[in-house]
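Asks: I am attaching a structure below and will ask some questions about it afterwards.
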Amino acid sequence: NDPALYGALIQVEASEESPLAMFNGLSFELLYKKISDETGMFRISFIMPERFRRFELGIITIMLGQIIVEIYTNGSFLVDFGFPHQDDYGKSFGLEFYIFTGKGGVYFGAFKGDAAKSVPQIVNGAFTPVLLLGIGLRVGLGRSFDLGIVKAGVALELFGIFEGVLAFFKPDEESVRQNPEVKEAVYYRVRAKAGIMGCLFLSVDLKIITLNVTAEIMVW
């Protein structure tokens, strides 16, 4: 969408018989977005192939999630390691140890100028810098396994999500001249949620037909 948006997305969905089988599930996105006439954003999103997302080390299992990096031409940035946006832990990082299980992710960003996010719209100055932090965790008891054709798991977990914005307002010179009472100020916003959930899932993939069963209960 010239000149506002340029992007390339590579995804691999391959069968076991395909020469690309080892790359099945790979997702790589490179994106450029025009924020304003002065500022642009470069964004990279990467998900490992399924074969390399899960490592079985005896009673320890490590699961890799999605990585997102945003870099702005004015020096702003954001890094996201599997944060559960909209309570979705499907792309989060995970760890299982015996019957203990956990998933989670984090993001952090620093913005300035017209790249600033999650702050009120103003006309008499600017928020700079704007700091963003998000942490999402899900920990509890459970276990899952992946046998290729059959995937299953059960878990009882506590979860919590925290997101915060901290920004520093600086008025422009014209606003100060018109109203000397206009001062620098601090803006902040915090959103948090905590609860408990139970989950049971079973997936059977027979190529010709696939069966998925999930039961979940959540209180927050």
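Asks: Taking the Cα centre of segment 23-158 as the origin and placing charges on Cβ (Lys, Arg +1; Asp, Glu -1), which of VAL69, GLY25, SER36 is farthest toward the positive end of the dipole?
Replies: Of the candidates, GLY25 comes out farthest on the positive side.
Asks: Sort 12-23, 66-77 for me by packing, meaning the mean count of neighbouring Cβ atoms within 10 Å per residue, highest on top.
Replies: 66-77, 12-23
Asks: If I take every Cα pair under 8 Å that is 6 or more residues apart in the chain, average their sequence separation and divide by the length, what percent do I get for the relative contact order?
Replies: Normalised by residue count, the contact order of the chain is 11 percent.
Asks: Given charges of +1 on the Cβ of Lys and Arg and -1 on the Cβ of Asp and Glu, with all other atoms neutral, how large is the dipole of segment 133-212 about its Cα centre, in debye to the nearest 20?
Replies: 400
Asks: Further question on the same structure: Once the other residues with Cβ under 9 Å from the Cβ of GLY65 are scored (Lys, Arg +1; Asp, Glu -1), what is the net sum?
Replies: Summing Lys/Arg as +1 and Asp/Glu as -1 gives +3.
Asks: Tell me which lysines have Cα within less than 24 Å of LYS34's Cα, excluding those fewer than 8 residues away on the same chain?
Replies: List returned: LYS112, LYS117.
Asks: Ok, one more. Mind checking which aspartates and glutamates have their Cα closer than 18 Å to the Cα of LYS207? Skip sequence neighbours fewer than 8 apart in that chain.
Replies: Within the straight-line limit of under 18 Å, LYS207 reaches these aspartates and glutamates: GLU13, GLU16, GLU17, GLU50, ASP146.
Asks: Also, I was wondering about something else. Could you provide, to the nearest whole Å², the per residue accessible area of segment 17-92 with probe 1.4 Å?
Replies: Here the per-residue accessible area is 57 Å².
Asks: Between beta-carbons, use under 9 Å as the cut-off and find the net charge around ASN74, counting Lys and Arg +1, Asp and Glu -1.
Replies: Residues close to ASN74 contribute a combined charge of -1.
Asks: Moving to a separate point now. Give me the Kirkwood hydrodynamic radius of the chain in Å, from all C-alpha pairs, to one decimal place?
Replies: Hydrodynamic radius (Kirkwood, Cα pairs) of the chain is 20.4 Å.
Asks: Within 14 Å, Cβ to Cβ, of TRP220, how many net charges do the neighbouring residues add up to if Lys/Arg are +1 and Asp/Glu are -1?
Replies: In short, 0.
Asks: Now, a different point. Using Cα centres only, tell me the gap between segment 92-156 and segment 11-38 in whole Å.
Replies: With segment 92-156 and segment 11-38 each reduced to a Cα centre, they are spaced 21 Å.
Asks: Here is a further query. For the chain, which whole-number percentage of the solvent-accessible area (1.4 Å probe, protein heavy atoms only) is attributable to carbon and sulfur atoms?
Replies: Answer for the chain is 65 percent, counting heavy atoms of protein chains only.
Asks: For the chain, modelled as a GNM with alpha-carbon contacts under 10 angstrom, which of GLY105, GLY148, GLY113 fluctuates the most?
Replies: Of GLY105, GLY148, GLY113, the most mobile in the Gaussian network model is GLY148.
Asks: Test of understanding: given the chain, find the longest segment containing no trypsin sites (Lys or Arg not before Pro) that are in a DSSP loop and have at most 10 other Cβ atoms within 10 Å.
Replies: Result, exposed sites excluded: 1-182.
Asks: Filter the GluC sites (Glu not before Pro) in segment 112-220 down to the DSSP loop ones having no more than 12 other Cβ atoms within 10 Å, then list what survives.
Replies: GLU181, GLU184
Asks: Kindly give Rg over Rh for segment 1-106, based on alpha-carbon atoms, with the Kirkwood expression for the hydrodynamic radius.
Replies: That ratio equals 1.08.
Asks: So, one more: Which ³J(HN,Hα) values, rounded to whole Hz and listed in residue order, are derived for segment 136-150 from phi using the Karplus coefficients 6.51, -1.76 and 1.60 in 6.51 cos²θ - 1.76 cosθ + 1.60 with θ = phi - 60°, glycine and proline given as x?
Replies: Listing the rounded values in order: x, 9, 9, 9, x, 10, x, 7, 9, 9, 9, 10, x, 6, 10 Hz.
The values are calculated or read from the model by the stated rules, or taken from the named source; none is laboratory data. On a predicted model such as this, the values are computed, not experimentally measured, just so you know. All Cβ positions, glycine included, derive from the backbone under ideal geometry; neighbour counts span all protein chains shown. Calculation scope for accessible area: heavy atoms of the full protein, side chains included, ligands and nucleic acids excluded. Shrake-Rupley method; radii C 1.70, N 1.55, O 1.52, S 1.80 Å.
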